[in-house]
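Student: A single structure is presented below for examination.
The values are calculated or read from the model by the stated rules, or taken from the named source; none is laboratory data. Please read these numbers as outputs of a predicted model, since none were measured by experiment. When we count neighbours, we look across all protein chains shown, and the Cβ atoms used for this are built from the backbone with ideal geometry, even at glycine.
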Amino acid sequence: MKTVTFPNGTTVPALGMGTWNMGDSDSRRADEIKSIHAGLDAGIRVVDTAEMYGSGRSEKLVGEAIRGRRDDVFLVSKVVPSNASRDGVRKACAASLKRLGTDHLDLYLLHWPGSVPLAETLAGFDDLIDAGMIRSWGVSNFDADGMREVESTPASTPCAANQVLYSLDYRGVEFDLLQRDRDAGIVTMAYSPLGQGGDLLRAPVLKRIAQRHTTSLGPASTAQIALAWVLRQENVLAIPKAGSPRHQHENLAATEITLTRDDLAEIDEAIAPPRRKEPLAMI
């Protein structure tokens with residue numbers, strides 16, 4: 001499986017697991033936990049969550065799913081800007097660790113830019129690294145201007161990741177942000193890589209290209225083509241959600257697909273890349 005490498009030298013598979021909206025339903029809980037187990041069993045390592053997801057319910061579900069398997073997981077969580085003061089990040093991180101049932105996070109992200117000065121948040125992240133509560137830090141939903149501020153703000157360790165919305169529905173980051181982060185050695189984490197609401201997965205161009213590819217599970221699906229398209233990028237870690245083991249295995253099978261030059265050209269013709277700078281999309 002393709003990999004990405006963080007600034008501290010840690011290398012992980014480029015396909016991870018997102019958990020937004022997981023843990024919200026008792027009726028889905030067993031399947032969601034089995035889905036995380038299926039991903040870990042298949043070699044996925046990154047599990048991404050956040051204190052905001054379900055007001056901590058996602059972190060509690062992840063904690064239950066990884067119990068006894070912490071060494072198999074590269075664990076990521078996020079702090080909301082309202083908790084991002086120097087003291088606030090320590091309290092928020094401690095609460096996340098308790099819900100997750102672990103003593104450290106591998107990566108801790110500022111969920112989006114807020115009113116707390118970035119220097120104060122990064123000082124808080126430095127404190128967490130010194131305390132052994134996190135191994136690395138990063139940001140989420142930062143555009144190119146925001147990343148310039150990140151790079152100019154003193155911190156004891158470099159920014160490891162920038163998690164942004166990236167899919168065929170939202171290609172704006174291709175104009176400048178992806179290459180900027182790549183040049184800086186910052187991993188781009190792509191959330192919602194399959195788009196929103198299913199409209200993307202009904203695109204005729206993806207149906208045509210899916211007919212030309214197969215995986216170990218059989219004929220490729222449009223979702224697998226959309227995910228393979230994100231995974232083709234260097235230094236990009238995709239974190240789709242999978243609420244069941246079947247869905248998890250379908251995501252994994254997307255890593256078997258190599259899109260051809262003709263496939264990529266056909267996609268660009270149907271869903272054009274950005275030709276000018278766009279405001280950073282967020283959901």
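Student: Among the residues that make up region 63-73, is at least one of them in contact with a helix residue (DSSP H, G or I) (Cβ under 7 Å, 6 or more places away or on another chain) and closer than 17 Å to MET189 by Cβ?
Tutor: Yes, some residue in region 63-73 is in contact with a helix residue (DSSP H, G or I) (Cβ under 7 Å, 6 or more places away or on another chain) and closer than 17 Å to MET189 by Cβ.
Student: Could you tell me whether any residue of region 219-235 is assigned to a helix (DSSP H, G or I) and of a type in the set (D, E, K, R)? Quick ask: steps written out before the conclusion?
Tutor: At the first step, the residues of region 219-235 found to be assigned to a helix (DSSP H, G or I) are 222-231.
Now drop any that are not of a type in the set (D, E, K, R), which leaves none.
Checked against the condition, which is being assigned to a helix (DSSP H, G or I) and of a type in the set (D, E, K, R), region 219-235 yields no hits at all.
Student: Right, next: Test ALA226 against the stated conditions and say whether it is of a type in the set (Gly, Ala, Ser), more than 16 Å from GLY172 (Cβ to Cβ) and in contact with a Gly (Cβ under 7 Å, 6 or more places away or on another chain). Step through it out loud before you land on a result.
Tutor: Numbers: of a type in the set (Gly, Ala, Ser): yes; more than 16 Å from GLY172 (Cβ to Cβ): yes; in contact with a Gly (Cβ under 7 Å, 6 or more places away or on another chain): yes.
Yes.
For every residue, the table says whether it meets (1) β-branched (Val, Ile, Thr); (2) under 17 Å from VAL79 (Cβ atoms); (3) in contact with a Leu (Cβ under 7 Å, 6 or more places away or on another chain).
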position	(1), (2), (3)
ASP127	no, yes, no
ASP143	no, no, yes
ARG148	no, no, no
ASP181	no, no, no
SER192	no, no, yes
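Student: Ok, one more. Considering region 119-164 alone, what residues qualify as being hydroxyl-bearing (Ser, Thr, Tyr), exposed (fewer than 15 other Cβ atoms within 10 Å of the Cβ) and under 29 Å from GLY101 (Cβ atoms)?
Tutor: SER156, the sole residue that qualifies.
Student: Restrict the check to region 164-186 and report whether at least one residue is touching a His at 6+ places or on another chain (Cβ under 9 Å), within 22 Å of THR11 (Cβ to Cβ) and modelled with pLDDT of 95 or more. Break it down into steps so the answer makes sense when it comes.
Tutor: Narrowing region 164-186 to residues touching a His at 6+ places or on another chain (Cβ under 9 Å): none.
So far as region 164-186 goes, no, none of its residues is touching a His at 6+ places or on another chain (Cβ under 9 Å), within 22 Å of THR11 (Cβ to Cβ) and modelled with pLDDT of 95 or more.
Student: Limited to region 116-149, what total is found for residues that are in a helix (DSSP H, G or I) and over 19 Å from the mean Cα position of the chain (by Cα)?
Tutor: We begin by selecting, within region 116-149, every residue in a helix (DSSP H, G or I); these are 118-130, 144-149.
Next, from what is left, pick out any that are over 19 Å from the mean Cα position of the chain (by Cα): 118-130, 145, 148-149.
Final tally of qualifying residues: 16.
Student: Show me the helices (runs of 4 or more DSSP H) found entirely inside region 1-115 where at least 2 residues are basic (Lys, Arg) and either surrounded by fewer than 16 Cβ atoms within 10 Å (Cβ to Cβ) or in contact with an Asp or Glu (Cβ under 6 Å, 6 or more places away or on another chain) (or both). Don't jump to the end; show me each part of the working.
Tutor: Working: elements: 26-41, 57-66, 86-100.
So the answer is 86-100.
Student: Out of HIS213, HIS249, which single residue is within 30 Å of ALA30 (Cα to Cα) and of a type outside the set (S, T, N, Q)?
Tutor: Numbers: HIS213 fails: within 30 Å of ALA30 (Cα to Cα).
Matching residue, one of HIS213, HIS249: HIS249.
Student: I would also like to ask the following. Determine which single condition GLY243 fails, assuming it passes every other condition in (1) touching a helix residue (DSSP H, G or I) at 6+ places or on another chain (Cβ under 6 Å); (2) not in a loop (DSSP other than H, G, I, E, B).
Tutor: All conditions pass for GLY243, except number (2).
Student: Among the residues of region 217-227, count how many are surrounded by fewer than 23 Cβ atoms within 10 Å (Cβ to Cβ) and within 27 Å of THR5 (Cα to Cα).
Tutor: Total meeting the criteria: 1.
Student: Something else: Could you check ARG208 against (1) of a type outside the set (Val, Ile, Thr); (2) under 24 Å from the mean Cα position of the chain (by Cα); (3) farther than 23 Å from VAL12 by Cβ and say which number it fails?
Tutor: Of (1) of a type outside the set (Val, Ile, Thr); (2) under 24 Å from the mean Cα position of the chain (by Cα); (3) farther than 23 Å from VAL12 by Cβ, only one is false for ARG208: (2).
Student: Would you mention how many residues in region 248-265 are crowded, with 17+ Cβ neighbours inside 10 Å, assigned to a helix (DSSP H, G or I) and not β-branched (Val, Ile, Thr)?
Tutor: Qualifying residue count, region 248-265: 8.
Student: Let me ask you something else. Specify the residue that is farthest from ASP169 (Cα to Cα); the eligible residues are those in region 262-276 that are in contact with a helix residue (DSSP H, G or I) (Cβ under 7 Å, 6 or more places away or on another chain) and not hydrophobic (A, V, I, L, M, F, W, C).
Tutor: ASP263
Student: Let me ask you something else. Which of the residues that make up region 150-179 are among the polar types (S, T, N, Q) and part of a helix (DSSP H, G or I)?
Tutor: Filtering region 150-179 down to residues among the polar types (S, T, N, Q) leaves 152-153, 156-157, 162-163, 167, 179.
The answer is SER152, GLN179.
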